[in-house]
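Enquirer: Shown below is the structure under consideration.
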Amino acid sequence: MPAKTNNVSNMTTRNAALTGWGTYLPERVVTNAEIEATVDTTDDWIVRRTGIRERRIAATGETTSSMAIEAGKRALDQAGLSVADLQLIIVATTTPDELCPPVSSRVQYGLGATNAAALVVQTACTGFVTALITAYQFINSGAFPNALVIGAETLSRFVDWEDRSTCILFGDGAGAVVLEATDGACGLHGFVMGSDGSGADEIKIPAGGSVEPATVMSVASEQHTIRMNGRAVFKFATRILAMAGQNAVVAAGLTFDAVDWVIPHQANKRIIESAARSMGIPEDRFVVNIEWYGNTSAASVAIALAEALDSGQIQPYDKLLLVAFGAGLTWAAAVVQPEPVTSSHWHERFESVVLSER
Ligand SMILES: CC(C)(COP(=O)(O)OP(=O)(O)OC[C@H]1O[C@@H](n2cnc3c(N)ncnc32)[C@H](O)[C@@H]1OP(=O)(O)O)[C@@H](O)C(=O)NCCC(=O)NCCS
């Protein structure tokens, strides 16, 4: 069993390039029309109040770890990084396979990443941005040369499908990115992270933890499903997205004008529109895919980022503002530039995309 040791005195500051990305979305699409058939709601209400048209739901046998592994493999392939060389895996999730062991160990084993340390970040929907910022720290400090950062959720297993105020919102999926140390001018330019535990009861899964372990009563009363004060969260979200975004941009020494794309947590289209107004950034500079996936919690920014990179919507040298909020209450925002302007990795990739499209 390889031991992980890092000699702090040997650490040097490095930049990190984002060299690979991938997603995994379950095949099963659940439309608003299908939800209409089970609870008192309408497609029109859901679209108007949230922007969501459909979401993906994991099949029996699909789990947070299986989706994380698939997204992780795709990101490693894209980066051309051998799994044997991978040093660190961080999995952000609120819906691990089990409370114990950490789902990151299942992901590490499933990938065959025998030389990687693995850990979980659990800051709810903020998770992927928190995990990405954390991974940058390990690479910037010289502690690790690379990292695989994954956001993965199986929220459908924690939703009360009879509660119309929550079951319309959530979906399953995973997104992943690979970071690798580089001397090029790119990486994490600035970030903020925050927590306000006074709002801890606004979104929660009350039972199944040490406060209320599973009992026949807790299961019968659906206490193992998501409970949410939608209006309070909405208010918090509209305020914090703009504030966290602003603070991260200031930490990067920039202004909103210098941000090419904002990739916000996909919780509600109206929250994103409100943040765009507060930031004074046109909505067409926001990456939005909530229509197709709903709120995939810790996976949402990861999926949006990976899809925008994949489609070429985001250019390699663009400055991106990633910003998320969630249960806790928590928030995080980061200004990142995936790669230096002159990166050969990206030029090769984009040339091959252009050639294959001819
Ligand atoms: C949940 C949310 C979509 C509800 O939308 P809203 O416009 O705030 O709706 P309200 O909660 O004010 O409810 C308005 C009415 O719609 C009803 N309603 C709620 N869900 C409904 C649904 N699916 N279909 C039809 N009506 C619904 C309510 O019962 C309420 O009826 P009433 O006025 O008769 O009491 C919205 O509050 C939200 O997105 N909040 C943030 C949630 C979030 O981001 N969570 C994840 C954080 S990471």
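Enquirer: Measure out, as a whole number of angstrom, how far apart the alpha-carbon centroids of segment 192-263 and segment 70-120 sit.
Expert: Segment 192-263 and segment 70-120 have Cα centres separated by 24 Å.
Enquirer: To continue, here is another question. As a test of the formula, what do you get for the chain when each DSSP H run with n ≥ 4 contributes -39,500 (n - 2.57) and the sum is divided by the residue count, at 222 nm and rounded to the nearest 500 deg cm²/dmol?
Expert: Details: 12 runs with 124 residues, N = 358.
Only helices count here, giving -10500 deg cm²/dmol.
Enquirer: Here's another thing I want to ask about it. Rank these residues by their accessible area, most exposed first, probe 1.4 Å: Trp261, Trp21. Numbers along the way, then the final one.
Expert: Numbers: Trp261 40, Trp21 10 Å².
Solvent-accessible surface, decreasing: Trp261, Trp21.
Enquirer: In whole Å, what three semi-axes, largest first, describe the equivalent ellipsoid of the chain built from its Cα gyration tensor (square root of 5 times each eigenvalue)? Please list the in-between numbers first.
Expert: Working: eigenvalues 192, 115, 79 Å².
Ellipsoid semi-axes (Å, largest first): 31, 24, 20.
Enquirer: Given H placed 1.01 Å from N in the peptide plane, which residues other than close sequence neighbours of Val121 have an amide H under 5 Å from its amide H?
Expert: Sorted by chain and number, the residues that satisfy this are Val91, Ala92, Thr93.
Enquirer: How high is the FRET efficiency from Ser221 to Arg277, r the C-beta distance, R0 56 Å, rounded to 0.05?
Expert: Working: r = 40 Å, r/R0 = 0.72.
Once the sixth-power term is evaluated, E becomes 0.90.
Enquirer: Ignoring ligands and nucleic acids, what accessible area does Lys235 show with a 1.4 Å probe (Å², nearest 10)?
Expert: It works out to around 150 Å².
Enquirer: Net charge around Thr182, counting only other residues with Cβ within less than 9 Å of its Cβ (Lys, Arg = +1; Asp, Glu = -1)?
Expert: -2
Enquirer: With charges set only on the Cβ (+1 for Lys and Arg, -1 for Asp and Glu), what does the dipole of the chain come to about its Cα centre, in debye to the nearest 20? Walk me through the numbers on the way to the answer.
Expert: On the way: 25 positive and 38 negative charges, 128 e Å.
So the dipole magnitude of the chain works out to roughly 620 debye.
Enquirer: State, to one decimal in nm, how far the label point of Ala200 lies from the label point of Thr13, with both points 7 Å from Cα in the Cβ direction.
Expert: About 3.6 nm, to one decimal.
Enquirer: I've got another one for you. Run the accessible area of segment 15-185 with a 1.4 Å probe and give the carbon-and-sulfur part as a rounded percent. Walk me through the numbers before you get to the answer.
Expert: Values: 3170 of 6370 Å².
Carbon plus sulfur share of accessible area: 50 percent.
Enquirer: Using each residue's phi in segment 151-160, evaluate 6.51 cos²θ - 1.76 cosθ + 1.60 at θ = phi - 60° and report the 3J(HN,Hα) Karplus result to the nearest Hz, with x for Gly and Pro.
Expert: The phi angles translate into x, 8, 8, 10, 5, 4, 7, 10, 9, 7 Hz.
Enquirer: Another one. What per residue convex hull volume, in Å³, do the alpha-carbon atoms of segment 15-185 yield?
Expert: Numbers: hull volume 20.3 nm³, N = 171.
Residue-normalised Cα hull volume stands at 119 Å³.
Enquirer: Follow-up. Normalised by the number of residues in segment 15-185, what is the relative contact order in percent for Cα pairs under 8 Å and 6+ residues apart?
Expert: Working: 384 pairs, mean separation 60.1, N = 171.
Once divided by the residue count of segment 15-185, the mean separation gives 35 percent.
Enquirer: Taking a probe of 1.4 Å, how large is the accessible area per residue of the chain, in Å²? Could you put the intermediate results ahead of the total?
Expert: Details: 15440 Å² over 358 residues.
With the other protein chains kept in place, the chain gives 43 Å² per residue.
Enquirer: What is the sum of charges, Lys and Arg at +1 and Asp and Glu at -1, for the other residues whose Cβ falls under 9 Å from the Cβ of Arg56? Mind showing how you got there, number by number?
Expert: On the way: positive: Arg28, Arg55; negative: Glu27, Glu54, Asp172.
Combined, the nearby Lys, Arg, Asp and Glu give -1.
Enquirer: Sort Asp172, Asp77 from largest to smallest accessible area, using a 1.4 Å probe on the heavy atoms of the protein chains.
Expert: Asp77, Asp172
Enquirer: At 25 °C and 0.890 mPa s, what whole-number value in µm²/s does Stokes-Einstein give for the translational diffusion of segment 125-236, with Rh from the Kirkwood sum over Cα pairs? List each step's numbers first, then the result.
Expert: Numbers: Rh = 17.0 Å.
Stokes-Einstein gives a translational diffusion coefficient of 145 µm²/s.
Enquirer: Which cross-chain or sequence-distant (5 or more) residues have an amide H under 5 Å from the amide H of Gly173, H modelled 1.01 Å from N in plane?
Expert: Glu153, Leu155
Enquirer: Express in Å², to the nearest 10, the accessible area of Tyr24 obtained by rolling a 1.4 Å probe over the protein heavy atoms while all chains stay in place.
Expert: Counting only protein heavy atoms, Tyr24 exposes about 50 Å² to solvent.
Enquirer: Rank these by accessible area, largest first, 1.4 Å probe: Met217, Met243.
Expert: Values: Met217 145, Met243 85 Å².
Final ranking, largest accessible area leading: Met217, Met243.
Enquirer: Given the options Ala79, Ala220, Ala252, which has the most mean-square fluctuation in a GNM of the chain, springs set between C-alpha atoms less than 10 angstrom apart?
Expert: Ala220
The values are calculated or read from the model by the stated rules, or taken from the named source; none is laboratory data. The shown structure was predicted, so the numbers you read here are calculated from the model rather than taken from an experiment. Ideal geometry is used to build each Cβ from the backbone, glycine not excepted, and the neighbour counts take in all protein chains shown. Remember, those area values only see protein heavy atoms, side chains included, never the ligands or the DNA or RNA. Shrake-Rupley method; radii C 1.70, N 1.55, O 1.52, S 1.80 Å.
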